[in-house]
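Structure first, then comments.
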Amino acid sequence: MTNHRKKALIVVDVQNDFCPGGSLAVANGDQVVAPLNELMKEFLDRGEPVFKTRDWHPAKTKHFADYGGVWPVHCVQNTPGAEFCSGLLDDPRITIISKGIDESADGYSGFDGTDLAQNLRDQKVEEVWVGGLATDYCVKHTVLDALQQGFEVKALADAMRAVNVNPSDGAQAIEEMRNAGAEIIGNELAVKGSGH
Ligand SMILES: [Zn+2]
């Protein structure tokens, strides 16, 4: 089945601190790099927009445990942990969306406090494909906000991994995204973590 909706790809937070060795490492987080690189190339080859979001926190934010949040320090602006994972495709045609800048907000979603929705609308995008890190936080919130903003959404199960603070969080996030109207494509087992 083909459709002619204009598409964009959103690669969420594939940054050093979320990959193995990082301060908030997602198990097997680096495994999203290869499938997302493939997709980025395909989108760019077709002239379709590609976005990379990045967590871009100030050193002091209520998002961090030290200041009342739940997370260890991660992805602080202009530190190595905030850089995109090595091996992730870099291309001047890719638009970088920085989020989590507000020190009073978590900024999980790529739409939260950014111009992403306006940028997509300006380019007449109707459908977004979303993958990255992590399934149960920033990917989920980005997917849910995209739906709320009126975009069709395909969530890329093979190209996302979960934090799984609780072992079933990734699977539950997939269900939440599906129930909200996202189409889940790819192998869902990939996001459910070990033991599932
Ligand atoms: Zn964060």
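Applying the selection to segment 89-134, what residues are within 13 Å of the ligand (Cβ to nearest atom) and of a type in the set (Ser, Thr, Tyr)? Matches in segment 89-134: SER98, TYR108, SER109. Sub-8 Å Cβ pairs linking a first residue in segment 93-116 that is closer than 18 Å to ALA146 by Cβ to a second residue that is acidic (Asp, Glu) and away from the ligand (no atom under 12 Å from the Cβ), at least 6 apart or interchain, are ILE97/ASP115; SER109/ASP145; GLY110/ASP145; PHE111/ASP145; ASP112/ASP145, ordered by first then second residue. Any residue in segment 115-123 that is open to solvent by 40 Å² or more (accessible area, probe 1.4 Å), among the basic types (Lys, Arg) and within 19 Å of ALA182 (Cα to Cα)? Yes.
Just one of the listed residues (GLY29, GLY81, GLY131) is open to solvent by less than 50 Å² (accessible area, probe 1.4 Å) and in contact with a His (Cβ under 8 Å, 6 or more places away or on another chain), and it is GLY81. Criterion applied to ASP55, ASP13, ASP17 was being open to solvent by less than 40 Å² (accessible area, probe 1.4 Å), among the charged types (D, E, K, R) and on the phi > 0 side of the Ramachandran plot, and the one residue passing it is ASP13. Between GLY81, GLY107, the distinction of being within 14 Å of the chain's Cα centre (by Cα) and under 20 Å from GLY132 (Cα atoms) belongs to GLY107 only.
More than 16 Å from the ligand (Cβ to nearest atom), open to solvent by 10 Å² or more (accessible area, probe 1.4 Å) and over 13 Å from the mean Cα position of the chain (by Cα) - does that describe any residue in segment 136-147? Within segment 136-147 (the criterion being more than 16 Å from the ligand (Cβ to nearest atom), open to solvent by 10 Å² or more (accessible area, probe 1.4 Å) and over 13 Å from the mean Cα position of the chain (by Cα)), the answer is yes, since at least one residue qualifies.
When the criteria are applied in full, THR61 meets the requirement of being within 11 Å of the ligand (Cβ to nearest atom) and either closer than 13 Å to THR142 by Cβ or part of a loop (DSSP other than H, G, I, E, B) (or both).
Determine, yes or no, whether PHE51 is among the hydrophobic types (A, V, I, L, M, F, W, C) and assigned to a strand (DSSP E or B). Yes, satisfied.
Quick check: is even one residue across segment 65-77 of a type outside the set (Val, Ile, Thr), away from the ligand (no atom under 13 Å from the Cβ) and either under 17 Å from the mean Cα position of the chain (by Cα) or closer than 25 Å to VAL153 by Cβ (or both)? Checked against the condition, which is being of a type outside the set (Val, Ile, Thr), away from the ligand (no atom under 13 Å from the Cβ) and either under 17 Å from the mean Cα position of the chain (by Cα) or closer than 25 Å to VAL153 by Cβ (or both), segment 65-77 yields no hits at all.
The values are calculated or read from the model by the stated rules, or taken from the named source; none is laboratory data. Model, not experiment: these values are computed from the prediction. Cβ: placed from backbone, ideal geometry, glycine included. Neighbour counts: every protein chain shown. Surface accessibility is based on the protein's heavy atoms, side chains included, excluding ligands, DNA and RNA. Shrake-Rupley method; radii C 1.70, N 1.55, O 1.52, S 1.80 Å.
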